[in-house]
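I have placed the structure first, in the form of structure tokens, so that the comments after it can refer back to it.
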Amino acid sequence: MNQRSVKIKHYFLKDINPVIRFLIISDTVFMSAAGLLGPIFALFIEGFIRGGNASVAGIAAGIYLFTKSVFQIPIANFIDKVRGEKDDFWLMFCFTILIALTPLLYLIINLPIQLYIVQFFLGLFTAFTFPTYMAIFTRHVDKNKEGTEWGVYFTLVDLISAMFAVIGGYVATAQGFPILIIAVVAISLLGAMLLFPIRPYIKISS
């Protein structure tokens with residue numbers, strides 16, 4: 001009888017090919033940074049954006065999600081037409097770096113319109129990283145382990161994000177939002193750098 005449960009070693013990313021392993025590690029680190037700020041972002045807007053309130057926070061979130069959604073499909077269609085993974089990798093890597101650096105702009109803006117512009121570009125950058133990440137992950141996922149590896153990915157990302165959401169609230173209270181934002185940028189850049197080990201495994205043509 002086949003074992004139905006997921007072995008504990010999968011949660012430690014053993015018996016997983018290197019591309020999937022580093023994609024999971026990279027995104028787990030990267031999303032942990034998002035977990036630091038995301039749940040309390042509305043409090044940042046209220047405290048640091050002139051006239052910041054729930055309405056401004058809602059519009060900012062809407063601009064990000066709308067931009068990401070509108071551009072995602074055309075970008076995904078473009079990467080599907082380009083043969084090989086080299087372009088996919090560099091799009092993913094470069095725009096991940098841009099996403100990591102974008103929170104630095106939160107340190108210098110103070111008007112809602114400035115926030116909306118930042119959110120627009122954040123959504124645009126994310127529209128490039130999401131389909132490229134998913135395309136590379138899908139191509140390299142281990143046969144007959146698709147459910148397990150996607151499950152491990154979402155489990156680790158959600159668990160780490162939950163933990164860092166608690167930490168983010170504490171850091172914002174004890175040290176202030178500027179320190180928290182710098183921490184977000186530093187951790188995000190580390191997550192982006194962890195994409196580099198997959199380069200030797202990238203296919204030139206598909």
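Number of residues in the range 91-115 that are surrounded by fewer than 21 Cβ atoms within 10 Å (Cβ to Cβ) and farther than 22 Å from Pro74 by Cβ: the value is 11. With respect to (1) over 12 Å from the mean Cα position of the chain (by Cα); (2) touching a residue at least 40 places away in the same chain (Cβ under 8 Å); (3) part of a helix (DSSP H, G or I), the lone exception for Tyr133 is condition (1).
Between Ile45, Ile24, Ile20, the distinction of being at pLDDT 90 or above, farther than 22 Å from Phe130 by Cβ and either of a type in the set (A, V, I, L, M) or assigned to a loop (DSSP other than H, G, I, E, B) (or both) belongs to Ile45 only.
How many of the residues in the range 136-181 are part of a helix (DSSP H, G or I) and either surrounded by 19 or more Cβ atoms within 10 Å (Cβ to Cβ) or touching a residue at least 60 places away in the same chain (Cβ under 8 Å) (or both)? Break it down into steps so the answer makes sense when it comes.
Keep residues of the range 136-181 that are part of a helix (DSSP H, G or I), which gives 136-140, 146-174, 177-181.
Now restrict to residues that are either surrounded by 19 or more Cβ atoms within 10 Å (Cβ to Cβ) or touching a residue at least 60 places away in the same chain (Cβ under 8 Å) (or both): 136-137, 139-140, 148-149, 151-153, 155-157, 160-165, 167-169, 171-172, 177-178, 180-181.
Summing the residues that are part of a helix (DSSP H, G or I) and either surrounded by 19 or more Cβ atoms within 10 Å (Cβ to Cβ) or touching a residue at least 60 places away in the same chain (Cβ under 8 Å) (or both) in the range 136-181 gives 27.
Counting only residues that are in a helix (DSSP H, G or I) and farther than 17 Å from Ala54 by Cα, how many does the range 107-121 have?
Selection size over the range 107-121: 5.
The values are calculated or read from the model by the stated rules, or taken from the named source; none is laboratory data. These figures come from a predicted structure and were not determined experimentally. As a convention, Cβ positions derive from the backbone with ideal geometry for all residues, glycine included, and neighbour counts pool all protein chains shown.
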